[in-house]
Amino acid sequence: MTPTTEKRVAIVTGASRGIGQAIALALAAQGRHVVLVARDLAKLDAVKQRIESASGGGGTATVKTCDIGDGAALTAMIESVAEEFGRLDILVNNAGITRDTLILRMSDEQFDEVIRVNLRSAFIACRAAAKPMLRGKWGRIINISSVSGLVGNAGQCNYAASKAGLLGLTKSIAKELAGKNITANVVAPGFIETDMTEGLPEAIKEGVRMFTPLKRMGTAAEVASAVAYLAGEEAGYVTGQVLAVDGGMTMR
């Protein structure tokens with residue numbers, strides 16, 4: 001199939017806010033055509049407008065609403081992107097949910113829902129995206145994990161398990177696809193300033209700063225910069241790696 005765009009095409013899930021939005025903006029600024037995926041159409045349209053009105057001529061983006069927890073819908077969406085543009089070069093699995101509570105209070109449903117959205121959907125997306133990447137003989141897969149997946153976190157056994165699972169998933173994919181010029185890596189953010197963390201009590205924020213060697217929370221743009229590097233040509237010899245963007249919190 002002849003590509004319908006010369007730009008590399010990137011899918012970013014959870015692109016309507018926070019880290020996902022920052023990743024989409026960073027990839028667009030690099031000249032990628034970014035497919036913005038989330039459930040909230042109005043918020044996606046706002047991100048699309050930001051991309052297209054950016055200084056320097058603006059970028060290009062497409063909006064796709066999708067519930068990534070629906071495996072069939074997610075597969076169909078990715079296949080439609082590859083068909084529409086004749087290519088798919090970059091996949092960023094960023095979308096995720098939390099259902100926090102201590103293990104003695106956590107229901108089977110709360111555990112299963114987080115695994116389904118955070119881990120199973122990433123597997124489904126990677127499987128669907130691998131096909132057009134193999135045809136194009138080039139690809140970048142970046143899965144967004146968390147420091148919770150590296151060291152665990154009380155009250156988040158479901159979330160930590162899903163994010164830890166992304167490490168094994170990504171490393172396995174990296175080994176399977178390396179011979180076809182497709183890399184797969186993980187970015188694991190620490191405590192990042194987003195609308196989700198803004199509402200945390202100040203005492204918790206101060207505790208985070210205290211136990212972070214850099215003594216501050218990170219920004220979504222800093223996470224996006226790490227993703228943009230891994231999505232680029234210059235990271236062609238980097239695969240199967242976990243890059244923690246956490247201010248040194250998990251250093252050994």
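The values are calculated or read from the model by the stated rules, or taken from the named source; none is laboratory data. The structure presented is a predicted model; accordingly, all values stated were derived computationally and were not measured. Don't worry about glycine lacking a Cβ; one is built from the backbone with ideal geometry, like all the others, and counts go over all protein chains shown.
Looking at region 57-68, can you tell me whether even one residue there is charged (D, E, K, R) and farther than 14 Å from Ser162 by Cα?
yes
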Review point. Restricting attention to region 133-145, and to residues there that are surrounded by fewer than 24 Cβ atoms within 10 Å (Cβ to Cβ) and either in contact with a Phe, Trp or Tyr (Cβ under 9 Å, 6 or more places away or on another chain) or of a type in the set (D, E, K, R) (or both), which single residue is farthest from Thr75 (Cα to Cα)?
Key: Lys137
Check your understanding: Can you name the number of the only condition in (1) modelled with pLDDT of 95 or more; (2) within 16 Å of the chain's Cα centre (by Cα); (3) of a type outside the set (D, E, K, R); (4) farther than 25 Å from Lys131 by Cβ that Ile51 fails?
Key -> (2)
Check your understanding: Which residues, taken from region 16-55, are farther than 18 Å from Val81 by Cα, touching a residue at least 40 places away in the same chain (Cβ under 8 Å) and assigned to a loop (DSSP other than H, G, I, E, B)?
Key -> Arg17, Gln30
Point to revise | Subset of region 56-72 (residues that are exposed (fewer than 15 other Cβ atoms within 10 Å of the Cβ) and assigned to a helix (DSSP H, G or I)) | key: Ala72
Check your understanding: If you take the residues of region 84-114 that are over 19 Å from Val37 (Cα atoms) and of a type in the set (A, V, I, L, M, F, W, C), which of them is surrounded by the fewest Cβ atoms within 10 Å (Cβ to Cβ)?
Key -> Leu104
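This table checks each residue for (1) outside any loop (DSSP other than H, G, I, E, B); (2) in contact with a Leu (Cβ under 7 Å, 6 or more places away or on another chain); (3) among the β-branched types (Val, Ile, Thr); (4) within 14 Å of Ile90 (Cα to Cα).
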{"residue": "Gly165", "(1), (2), (3), (4)": "yes, yes, no, no"}
{"residue": "Gly168", "(1), (2), (3), (4)": "yes, no, no, no"}
{"residue": "Arg216", "(1), (2), (3), (4)": "no, no, no, no"}
{"residue": "Val227", "(1), (2), (3), (4)": "yes, no, yes, yes"}
{"residue": "Met249", "(1), (2), (3), (4)": "no, no, no, no"}
Revision key, fill the gap. Of those in region 181-208 that are touching a residue at least 60 places away in the same chain (Cβ under 8 Å) and in contact with a strand residue (DSSP E or B) (Cβ under 8 Å, 6 or more places away or on another chain), the residue nearest to Thr250 (Cα to Cα) is Gly190
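When you scan region 233-252, how many residues do you find that are over 25 Å from Glu193 (Cα atoms) and in contact (Cβ under 8 Å) with a residue 40 or more places away in the chain?
5
Table: residues versus (1) among the aromatic types (Phe, Trp, Tyr); (2) modelled with pLDDT of 95 or more; (3) closer than 23 Å to Arg116 by Cα.
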| site | (1), (2), (3) |
| --- | --- |
| Gly152 | no, no, yes |
| Gly179 | no, yes, no |
| Asn185 | no, yes, yes |
| Thr219 | no, yes, no |
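Looking only at region 146-155, filter to residues that are assigned to a helix (DSSP H, G or I) and touching a helix residue (DSSP H, G or I) at 6+ places or on another chain (Cβ under 6 Å); which one of those is surrounded by the fewest Cβ atoms within 10 Å (Cβ to Cβ)?
The selected residue is Ser148.
Hey, can you tell me all the residues within region 171-210 that are among the hydroxyl-bearing types (Ser, Thr, Tyr) and outside any strand (DSSP E or B)?
Filtering region 171-210 down to residues among the hydroxyl-bearing types (Ser, Thr, Tyr) leaves 172, 183, 194, 197.
Answer for region 171-210, where residues must be among the hydroxyl-bearing types (Ser, Thr, Tyr) and outside any strand (DSSP E or B): Ser172, Thr194, Thr197.
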Check your understanding: Scanning for something closer than 28 Å to Ser225 by Cα and touching a Pro at 6+ places or on another chain (Cβ under 6 Å), does region 68-81 turn up at least one residue?
Key -> no
Review point. So is Asn158 within 20 Å of the chain's Cα centre (by Cα) and in a helix (DSSP H, G or I) or not?
Key: yes
Review point. If we scan region 157-171, do we find a residue that is in contact with a Pro (Cβ under 9 Å, 6 or more places away or on another chain) and at pLDDT 95 or above?
Key: no
